Structures are given as C-alpha cells and as structure tokens.
Amino acid sequence: MNYNLVTNIQWCHQMIAETVPLGLVYYSHIPTAVVSLLVGFFVFFKNRKSLISKLLLGLSLTFSMWLMLSLVVWVANYNSALTMVSWAPLGMLNALFFACSLYFVYVFIDKKDISFFKKVILGLLLLPIVISTPLDINLAGFTMDACEAIEMDMFLNYLLFFEILVSAWIIIFSVQRYLKADDTMRKQIKLLLIGISLFLISFFAAGYYATYVGDFRYELYGLFGMTVFMGFLAYLIVQYKAFNIKLLAAQALVTALVILIASQYLFVRNATNQILTGVTLILALGFGYMLIKSIKAEVERKEQLQKVSDSLAKANDRLRELDNAKSEFISIASHQLRTPLTAIKGFVSLLLEGSYGKLTPKVADVLAKVDTSNTRLVDLVEDLLNLSRIEAGRMEYDFGKVQLTGIIEEIYDTFAVRAKDKKISLEFEKPKGEIPEVTTDKTKIREVISNLVDNAIKYTPKGNVTVRIAPAGEFVRVSVSDTGIGISPEELPYLFQKFSRGKDSVKINVSSTGLGLHVGKKMMEAMGGRIGVDSKGAGAGSTFWVEAPREMGIEIM
Ligand code: ADP
C-alpha cells in the first residue's frame, strides 16, 4: 500500500484553509463533541446501571471520537501520515454510532434490551466494517491532488448501505410503536424520532451532499445535528423527569464557583489576596454545601408528597368504586324490601279494620304498634330508594302548577293526631293575603315539607310547632318553626349532608338515619327551589324552611 507519507505538504494546508474557514471547522467539531460528551456522561453518572444510559454514553463516545479524528484530518492536513491514521477509523466509528442509535431507540421505546437474534444481526452487519479497519482494506492510499485519503469503493458502498438500512430500521420501528402507544409515549417517541433523525440524517445527508458537490463545508454543517439531538434528549429528560435537574444544576453551579475561586491561586501572588481568596473559598464551600443540602431536602420532600398524593388518588378511586357498589346494593335491596312491606301494611290495615273478625283490644293495640313500626320501615326504604335514584341521576320530576296552602292543610291533617298524642300544639298560621301558585312536583314537595313537620314534632319534647306560608319575591316560602331541642352552631353546616345526624337528636329519635334532609335538599335543588334552617343554638328551637319558585328557570343566587 502506498501511503505517500509526506509530512510537509504545505500547499495542502493552504488549499484547505482557503476553501473552508478554519473557524467553522473548530466551531462545528469542538462544541458538538463537548455537548455530546457532557450529556452522555451526565446521563451515565446519574444512572450507571441502566442500559439506556450506557447506550447513550456509547453513542456520544463513538460520535465524539469520530469528531476528534475528523478534526485532526481537517487541521493536520500538512502531514499525510497523520491524516491517514486519523482517517482510517472514521468509517468504523460512523457505523458504530449509527448502530448505537438504533439500539438506543429500541431500548428507549420498549424499555427493555433487544433480543439476542437482533443483536446477532446487528453484529453481523457491522462485522465487515469493523474488520476492514484493522485489516487496512478500507483505504487505498493518499492522494496529493485532493490532499485526502482514497477510500475503497466497496467499503464506501457497504457503509452507505449500512447507514441507509439503520436509518430505515429506526424510522419503521418508531412509527410502528408510535401507532400502538398511548398519548404520553407518543409524545416521547415523536421527540426522540425527530431528534435522532435530525442527527443521523443531517450527518449522513450533509456528508454525501458535500462529496457530491465537492464542497466539504456542507459536511461541517451536518455535525450540528448532534447538538440538536442532544437538545431533544435533554428536553425529554427534563420533561419526563428522568433525572433531578434542579439538584444537578445547584451542584454544577457550586462546583464551578469553587473551581473558579480556587483557580485564582494560580495567579494571585500577594499574601493578603491569598488570604482573601481562601476566605472566599471557604465561604463558597460552606454556603454551597448548605444550598445543595436544602435543595436535596426539598426535592426529597416533593418526591414524598408526590408518592402520598399518588396513593391518595388510588385510594380515592377505590372509594368511589365502593361507593358505587354500595349505592347499587342499597337500590336493589330497597326494591326487594318494598314489596313485602307493602303487603304487610295492607294486611295489618285489613286486620285493624276488622275484615278478618273482631279483635280484642290487646291484639288491636299490638297490631297498631306493628303498623307504626312498619310505616317507619316503609319511610326508611323510601328514603333509601330516593337517595339511590338521586345518586344515579334517575329521579324523575313531574312539574306542574301547585297551590302550597292546600298541601300544607293535607300535611296538617296527617300529623295533627301524632302532635296531639305527644301533647304538642301543631298550628298552621293561615296566610293573610293571596298566596301565588308555584311550579313544582307536587308529590316531591309534599314529601319534603312532611319530613320537616315530622322532624319538628320528633325533635320537640314539649311546646309547639308552627307552619307558615308567605310569598318571598319570585318564590313562596314555607317555614316550620318549633320550640324543640334546636341545633348547635357546629352542627348547622353539616345538617343537610348524607347520613348526618345531630348529637343530641340521637338520644330522642333512635331510628334516625340522617337521610330526610339530604334527600329534601337534593329534591328542592332539582326543582329550582331551596331549603335551609335557622336556629339560635341547642335548646333554642329551630326553623326549617323551603322555597319553591313561582315560575320555572328562576336563577338562584
Ligand atoms: P333523621 O331525622 O332521620 O335523622 P333528617 O335528615 O331528617 O334525618 O335530619 C337530620 C338531623 O337533623 C337529625 O338527626 C337532627 O339532628 C337534625 N334535625 C332535623 N330536624 C330538626 C329539628 N326540627 N330540630 C332539631 N334538630 C333537627
């Protein structure tokens, strides 16, 4: 092999310097290599064990080596021996970082190592390139005319084939995975694919275009693709939180500061300055240490918070599932309960009316108790059914014009006996003027007001219960006041919540469920009305009220 080892080809140097500015040569090689190595080592040291870090390091090492040797080829062109030595491994390094890129893309997307079979294929494809370098069969010699190495055609063509094959492999594989991926993964694959294509394709295209037009400046532009790729990679790392950037930035800042201050010792001669530099150095070290420590603590706290909130979100989902299952259970159970209860109610009434023969007073008394308990059970089942209908969004309303005075009179008649039994005076204060009609569901509003009167009698050991009705702007207000146990200010805000029962009330009304007011509130809201309570406190009685709209669609403030 004739290398024409000339060591002082000044004109080569001159010729190249004239065609390509030396500044561009340095600028395209050195910062690119530095950026690539920095990102490569940074990722590697943050996560030494992971395969993806190793592959990225491999990629940046082979590429930086290629850059360094290429730089030597550019600047040491007056020495043909040096040119040849640096030129020889370029093809091999080129193939290696293409292979590393492919391997990297696989592991990044699939999050696992590639199969043995793929490794063998990749190895076999690389083999001709790798062995031709030490065997010296990739270069034919050195040409004085162009001042460059002459590459063997076979080698060049194979390298071209390899580069195209790997690029196509990367693109096809990424697109296939992209189509199957979820949204977050899609974003990551897109960024990775754009980054790596910019890197490989710009490198590849610029190199071949430069050869094609014979202007090697273009080859230099292609190198910037790597910086862009590293930028994309850095973005991926930050965006998808592969590493802790904040902590690392603080560490880098403090290290740079310390090195900067310490390097002053190289030129500070004066003793006072040396002492000052020493003090500054110690201060920088101290503060730097504290800064890093506090950031570390903050980062750890954040991670912990994240963990807690993740597990809370999971627990919340589980609770929601349980709540749905419970609602469904209540709904089914209530439906099943209602039928036999209605039958019992019917038969007990028939018995009490004497349809099956005359009853002794003792039996009639027991049957009356059975009837009362049964009615309580029917009400409870009705409340539960209403609740499950409301929660499932299946409650239906039948709107129409309603005169509430009539409804109150009906309710009064129903409860008058009970109030009398309890020796409570139940009064309906007749309105002075005309009461306008309201637009609402008659049955539902009767249920809500009944519950208020029922509660008032239940929670009033002695005294009176007064029902009033009056127009209130666009609404008609019905209020039920009692002189009963009242409600403490702490309990007021929770009264209308599901299963909420007052502390004192439990002593009086053992069968209380805390559902009536909640169901009432939901119904009133659905009918465009409102419900509320005023109480001066425990023992001071209370006034529950509902407001129904005169017309549909009135805005509630
Ligand atoms: P229940 O009466 O079955 O417990 P409600 O939802 O109707 O269910 O009432 C919820 C709670 O509100 C009661 O447990 C009681 O503490 C309180 N409460 C309701 N009405 C009155 C009232 N008139 N006076 C005092 N407390 C009341």
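The values are calculated or read from the model by the stated rules, or taken from the named source; none is laboratory data. In this text, all values refer to a predicted model and were calculated from it rather than measured experimentally. Positions of Cβ are backbone-derived with ideal geometry, glycine not excepted, and every protein chain shown enters the neighbour counts. For the accessible areas, the whole protein counts, side chains as well, though only heavy atoms, and no ligand, DNA or RNA atoms are used. Shrake-Rupley method; radii C 1.70, N 1.55, O 1.52, S 1.80 Å.
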* Asked: Rounded to the nearest 10 Å², what accessible area does Lys46 show when all protein chains are kept and the probe is 1.4 Å?
  -> 80
* Asked: How far is helix 90-110 tilted off the main Cα axis of the chain, in degrees rounded to 10, range 0 to 90?
  -> 10
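Calculate, for the chain, the solvent-accessible area per residue in square angstrom, rolling a 1.4 angstrom probe over the heavy atoms of the protein chains.
On the way: 31420 Å² over 557 residues.
With all protein chains present, the chain gives 56 Å² per residue.
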* Asked: Over the chain, what percent of the accessible surface lies on carbon and sulfur atoms, probe 1.4 Å?
  -> 64
* **Flagged links, alpha-carbon separation over 18 Å, of Lys112/Lys302; Lys420/Lys462; Lys111/Lys296; Lys430/Lys462; Lys369/Lys503; Lys498/Lys536** => Lys112/Lys302; Lys111/Lys296; Lys430/Lys462; Lys369/Lys503; Lys498/Lys536
* Structure fact -> For 400-409, 352-361, ranked highest to lowest by mean beta-carbon neighbours within 10 Å, the order is 400-409, 352-361
* To do: For segment 143-216, give the magnitude of the charge dipole about the Cα centre (Cβ charges: +1 Lys/Arg, -1 Asp/Glu; no others), in debye to the nearest 20.
  => 720
* Which whole-Hz couplings ³J(HN,Hα) result when phi for each residue of segment 318-325 is put into the Karplus expression 6.51 cos²θ - 1.76 cosθ + 1.60, θ = phi - 60°, listed in order with x for Gly and Pro? -> 5, 4, 4, 4, 4, 4, 5, 4
* Taking the Cα centre of each part, how many Å lie between segment 49-87 and segment 438-465? -> 89
* Within straight-line cross-link reach of Lys190, aspartates and glutamates at Cα separation under 17 Å, skipping those fewer than 8 residues along the same chain -> Asp110, Asp182
* **Normalised contact order of segment 400-549, rounded percent, pairs of Cα under 8 Å and 6 or more residues apart** => 25
* If Trp169, Trp545 are ordered by their accessible area, calculated over protein heavy atoms with a 1.4 Å probe, which sequence runs from highest to lowest? -> Trp169, Trp545
* To do: Be a star and scan segment 169-192 for residues whose amide nitrogen sits under 20 Å from the point 7 Å along the Cα-to-Cβ vector of Lys111.
  => 173-192
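By DSSP, what percent of the beta bridges with both residues in the chain are antiparallel, rounded to the nearest 5? Before the final figure, lay out the partial values.
On the way: 30 of 36 bridges.
In the chain, approximately 85 percent of DSSP beta bridges are antiparallel ones.
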* Just the accessible area for Val308, please: 1.4 Å probe, Å², rounded to the nearest 10? -> 80
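Under the definition of Cα pairs under 8 Å and six or more residues apart, what whole-number percent is the relative contact order of the chain? List each step's numbers first, then the result.
Numbers: 677 pairs, mean separation 45.4, N = 557.
Once normalised by length, the contact order is 8 percent.
Ordering Glu427, Glu491 by accessible area with a probe of 1.4 Å, largest first, what comes out?
Working: Glu427 90, Glu491 45 Å².
In descending accessible area the options line up as Glu427, Glu491.
Of Lys326/Lys522; Lys46/Lys187; Lys307/Lys522, which sit over 27 Å apart, Cα to Cα?
Pairs exceeding 27 Å: Lys307/Lys522.
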* Calculate for the chain the 222 nm mean residue ellipticity that helices alone would give, adding -39,500 (n - 2.57) per DSSP H run of length 4 or more and normalising by residue count, nearest 500 deg cm²/dmol. => -23000 deg cm²/dmol
